[in-house]
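Asks: The following block contains the structure, expressed as structure tokens.
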Amino acid sequence: MTTRRSFLKAGGLALAGLAVGRPARAAAAVEIHMMSDTLGTKVWFDPIGIHVEPGRVIRWTVHSNVHTTTAYHPRNEQHSLRIPERAEPWDSRFLVNPGNHFEVTLTVPGVYDYFCAPHEVAGMVGRIVVGHPEGPGTLTFDYFKGRPGTEQWQAVPPAARLAFPSVSAIVRQRIVRRG
């Protein structure tokens, strides 16, 4: 017959401790740096492309210059929709000082394209794949042309179009740096 005393002597307490649920450690935020050369003539997000699982926190941090992180979404000055339709758009507004940061938690699977408002025409854009690729971010940049209700949408500027890493490269590499 097993008694409490014999159970404890046999290491049962240690084994019992293994069965107790422990709080999971929260995953660290994925860091994206908002970069600029000293003259401000070259600007970029580092990394420019990442692949994460749903529920991850993404943190953009200013390294130098003044930047924003802004989702491609009609609520953001009529930019074309390039994030999942059910996802909430974001706009950090201007982040001015080195170390300033902005965070979002991305829970809806799909492709999220974003830009820096003052530097979009210079090609300062980024792409995040959450879970599996789907949604407007997987479509051509002009997919919405001719669709009702999109007449006011702004197209992605040519320099920005050229800067985006491919969705397949992001899924394959998980992290894509500017090239």
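Coordinate-derived values only; no laboratory data. These figures come from a predicted structure and were not determined experimentally. Counting neighbours? That spans all protein chains shown, and the Cβs are built from the backbone with ideal geometry, glycine included.
Asks: Residues with beta-carbon under 12 Å from that of residue 68, excluding residue 68: net charge, scoring Lys, Arg +1 and Asp, Glu -1?
Replies: Local net charge: -2.
Asks: Follow-up question, since we're still on this one. Taking amide H positions as placed 1.01 Å from N in the peptide plane, with prolines and chain starts having none, which residues 5 or more places from residue 79, or on another chain, fall under 5 Å of its amide H?
Replies: 73, 154
Asks: Rank by packing, highest mean first: peptides 162-169, 104-111, with packing defined as the count of other Cβ atoms within 10 Å averaged across residues.
Replies: Numbers: 162-169: 16.4, 104-111: 19.0.
The most tightly packed comes first, giving 104-111, 162-169.
Asks: Counting Lys and Arg as +1 and Asp and Glu as -1, what is the net charge of the other residues whose Cβ lies under 11 Å from the Cβ of residue 176?
Replies: Neighbour charge sum, excluding residue 176 itself: +4.
Asks: Follow-up. Which value, in debye to the nearest 20, gives the size of the charge dipole of the chain about its Cα centre, when Lys and Arg are +1 and Asp and Glu are -1 at the Cβ?
Replies: Values: 20 positive and 14 negative charges, 215 e Å.
It comes to approximately 1040 debye.
Asks: Given a cut-off of under 8 Å on Cα pairs at least six residues apart, what relative contact order in percent is computed for the chain? Mind dumping the intermediate values first?
Replies: Working: 368 pairs, mean separation 43.2, N = 179.
Once normalised by length, the contact order is 24 percent.
Asks: For the chain, treating each Cα as an identical point scatterer without solvent, what Debye log10 I(q)/I(0) comes out at q = 0.11, 0.12, 0.19 1/Å?
Replies: Treating every Cα as an identical point scatterer, log10 I(q)/I(0) equals -0.50, -0.57, -1.27.
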